[in-house]
Amino acid sequence: MKLLTVIGARPQFVKAATVSRVLREIPEVSEILVHTGQHHDGNMSDIFFEQMDIPRPDYHLGVAGGGHGQMTGRMLEQLEILMLKENPDWVLVYGDTNSTLAGALAAVKLNLPLAHVEAGLRSYNLGMPEEVNRVMTDRVSKLLFCPTEQSVRNLEAEGFVTLGIEILKVGDVMFDATEFYRAKASEPAIPSDLDPGRPFILATIHRAENTDDDMRLKKIVKGLEQVHQQIPVLLSLHPRTRKKFSEMKIKPGFHTIDPVGYLEMLWLLERCNLVVTDSGGLQKEACFYRKGCITLRQETEWTELVETGVNRLVDVAAAEIFPAIKEMLNQDMNFETDLYGDGKASFRIVQRLLAQDNS
Ligand code: UD1
Ligand code: UDP
């Protein structure tokens, strides 16, 4: 069986790592790995391949930057050529980035069976580029691998069952990854005046809705600066945010570091006291590490985290962020959940793909 996987952004390297590992154990399967190039800095791409032992991509398209349409279109053009050449039995895409959508469109236009990992997630906010990407990808897939109960319900509510698209709840591949790599966590270089043995807050910010809006971004910085007066904040600086800080001449009054590798991120997750983020993946990882999470967004796709009280959606105003953090740090939380499966999502995905019923 030949499978063509399309990845390109940081979260997709994490999601694809364990599936690819399982695929490699099966001699009759060959995985053609295509990296679109969407994320390309060493610490946004190569480091994940090295640390997570993901094979070197068979193709690297070198497409990054530009508008959404331009980026997706340039990927689509090259992916079509590759898919025609490789003629895979399945095309596999992950998550909700422009690389996901380009892979999905290229496959469906060629009538190649498409499988989507992390299907059924919804924010119900079509103003987010990710929501557009995931809705479109789900709709043109043959096989939808859902991580959670809620994601299955979302698809059912949209009538996917009547469309003849196969929906399988398999669990979350990011949970598989955390389980597999947890023991390999590795200490990053952190600012010398931050003591990781004492309480600190781990933060990441990169969403368009937070970084493209100058007022929102300023409020977030102000909020985190206020928090930092009481408990140190360490922000891993996504290149998009770094660029905005530089354009807006923002010099944050809290700790920042360049993006770290996955194993270093696990080390930080293990030691931090709370996570503040707008990342999709990190909201779940906080829970995997039994840490509360403040999500600086108006909605989340991972609604079950909010329902169980381990995640809180908070407005970006400083007056909101600080009290929410204080409250969460003093709150008892119940992390005893199996919301994201048993660490075997990747096996289930591969098992189903091998059954090869892609008619
Ligand atoms: C993308 C995804 C988002 C995901 C995020 C994960 C889309 C629409 N968005 O957002 O869903 O949560 O990745 O991190 O696909 N840049 C660099 N070097 C890099 C990568 C990015 O300099 O290695 C800079 C470039 O200026 C680029 C900007 O960051 O233009 C934004 O990158 P892009 O991939 O377009 O979007 P993200 O914000 O990373
Ligand atoms: N991550 C990382 N290093 C960092 C920041 C994040 O390894 O400096 C990991 C994080 O632990 C998670 C993934 O990147 O596994 C999430 O990616 P990101 O937040 O960029 O995207 P999203 O999940 O929001 O789509």
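Before moving on, here are some points about what is shown:
- From the list 213, 193, 172, the lone residue that is in contact with a Phe, Trp or Tyr (Cβ under 7 Å, 6 or more places away or on another chain) and charged (D, E, K, R) is 172.
- Among (1) assigned to a helix (DSSP H, G or I); (2) over 20 Å from the mean Cα position of the chain (by Cα) - the single one residue 167 does not satisfy: (1)
- Residue count for segment 137-154, restricted to those that are surrounded by 21 or more Cβ atoms within 10 Å (Cβ to Cβ) and under 12 Å from residue 108 (Cβ atoms): 3
- Segment 205-250: number of residues that are part of a loop (DSSP other than H, G, I, E, B) and either more than 16 Å from ligand 2 (Cβ to nearest atom) or surrounded by fewer than 18 Cβ atoms within 10 Å (Cβ to Cβ) (or both): 9
- Flag if residue 337 is touching a residue at least 60 places away in the same chain (Cβ under 8 Å), among the β-branched types (Val, Ile, Thr) and in a loop (DSSP other than H, G, I, E, B): no
- Considering the conditions (1) within 16 Å of ligand 1 (Cβ to nearest atom); (2) of a type outside the set (Lys, Arg); (3) under 29 Å from residue 196 (Cβ atoms); (4) not in a helix (DSSP H, G or I), residue 316 is excluded by exactly one of them, (1).
- Looking across segment 62-72, the residues that are surrounded by fewer than 16 Cβ atoms within 10 Å (Cβ to Cβ) and of a type outside the set (S, T, N, Q) come down to 62, 65, 66, 67, 68, 69.
- Of everything in segment 44-54 that is under 20 Å from residue 30 (Cβ atoms) and surrounded by 15 or more Cβ atoms within 10 Å (Cβ to Cβ), the residue that is nearest to ligand 1 (Cβ to nearest atom) is 49.
- Inside segment 102-134, residues that are crowded, with 18+ Cβ neighbours inside 10 Å, part of a helix (DSSP H, G or I) and away from ligand 2 (no atom under 14 Å from the Cβ) make up a count of 7.
- Matching residues in segment 244-287 - criterion: being of a type in the set (Ser, Thr, Tyr), over 20 Å from residue 198 (Cβ atoms) and touching a strand residue (DSSP E or B) at 6+ places or on another chain (Cβ under 6 Å): 277, 279
- Matching residues, segment 13-48, being over 17 Å from residue 345 (Cβ atoms), assigned to a helix (DSSP H, G or I) and either in contact with a Pro (Cβ under 8 Å, 6 or more places away or on another chain) or of a type in the set (D, E, K, R) (or both): 46
- Extreme residue, nearest to the chain's Cα centre (by Cα), among residues of segment 15-31 that are within 9 Å of residue 94 (Cβ to Cβ) and aliphatic (A, V, I, L, M): 16
- Residue among 119, 102, 64 that is free of Cβ contacts under 8 Å to residues at least 40 places away in the same chain and either farther than 24 Å from residue 239 by Cα or not acidic (Asp, Glu) (or both): 64
- Segment 130-150 residues that are within 16 Å of residue 302 (Cα to Cα) and within 16 Å of ligand 1 (Cβ to nearest atom), paired with ones that are among the polar types (S, T, N, Q) and assigned to a loop (DSSP other than H, G, I, E, B) (beta carbon under 8 Å, 6 or more apart): 130/97; 130/123; 131/123; 131/125
Coordinate-derived values only; no laboratory data. Model, not experiment: these values are computed from the prediction. Heads up, the Cβs are rebuilt from the backbone with ideal geometry, glycines too, and the neighbour counts pull from every protein chain shown.
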